[in-house]
Amino acid sequence: MQHTDRRDFLKLAGMAGVTFTAGLFPGRQAAAQAVDFHFVQFSDSHWGYSGPANPDAEHTLEKAVATVNGLPKPPDFIVFTGDLTHTTDDGKERRARMKRFREIVGALSVKDVRFMPGEHDASLDKGEAFKEFFGATHYTFDHKGVHFIVLDNVSDPAAKLGDEQLAWLAADLKQRKTDDRIVVFTHRPLFDLKPDWDWTTADGAKAIELLMPYQNVVVFYGHIHQENHHMTGHIAHHAAKSLIFPLPAPGSQPKRTPLPYDAAMPGLGTRDVAMADKVSFVELPVTKG
């Protein structure tokens, strides 16, 4: 099998962007057993937000859908890593936002779409409305030799996975071989990126401990509205850009308030991930217009 290199992957993505390539599955030796495919990660669309951080907030999600529909090679599937909608105390309005969000993403040409909640979707009602529209908040699936684990670290307002979900994760991992390829999706980072900004998971270290015996693990998450790359041992963690507004680099200013809107460099985008023995991804900007 031939690895996807920088040139080929940019051609695959069909647009300019920041490319990241790394041997994130270092224990994978038998290349013939791996199968190339790619998926798209959306994160933090915050449908329902209105404010100066994004004066085009009403249309940004639609433009992102059009961007992905325009890829020359459709992704195998699409995953939304949380904060589909912007928080509201009104339960009726929360459901109205989720309904409208679902209508917009219904225009995606790829119909295998996976959802997980962010705290804006789930922390006020422990995921009740999210489950009505999108199903389970944590689950697993398999695709072409890769095992995907979706974790919920937002439905508990204390930003925990909780003992029950950790036990579920442990039971699932016991069924895996130590050299299996595993991708984890979360909303919040599992590690302590900036705890006083809520950029952490209270019991995330327990999840990382459970994952550590497995040689080929990578984590994709959202929540911090920017690209960020971090290692816990051999496990790589990659944060995705937001679709609504960028946030400052960890600790770069006193508060995590949105960065001022810049039409020329809005800092928004989606992520196209190529899976092989190595993981490559391109950050795709949201199409203007």
(message) Suppose we filter 30, 64, 57, 96 for residues that are at pLDDT below 50 and at negative phi; which single one remains?
(response) 30
(request) Could you list all residues from the range 174-184 that are more than 18 Å from residue 232 (Cβ to Cβ) and assigned to a loop (DSSP other than H, G, I, E, B)? (result) 175, 176, 177, 179, 180
(message) Show me the strands (runs of 3 or more DSSP E) found entirely inside the range 198-280 where at least 2 residues are over 25 Å from residue 58 (Cα atoms) and aliphatic (A, V, I, L, M).
(response) 216-221, 235-239, 269-275
(request) Residues being open to solvent by less than 10 Å² (accessible area, probe 1.4 Å), among the hydroxyl-bearing types (Ser, Thr, Tyr) and modelled with pLDDT of 80 or more: count how many of those fall in the range 260-288. (result) 1
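The values are calculated or read from the model by the stated rules, or taken from the named source; none is laboratory data. No experiment lies behind these values; they were computed from the predicted model shown. Backbone-built Cβ (ideal geometry, glycine too); neighbour counts: all protein chains shown. Heavy atoms of the whole protein, side chains included, go into the accessibility calculation; ligands, DNA and RNA do not. Shrake-Rupley method; radii C 1.70, N 1.55, O 1.52, S 1.80 Å.
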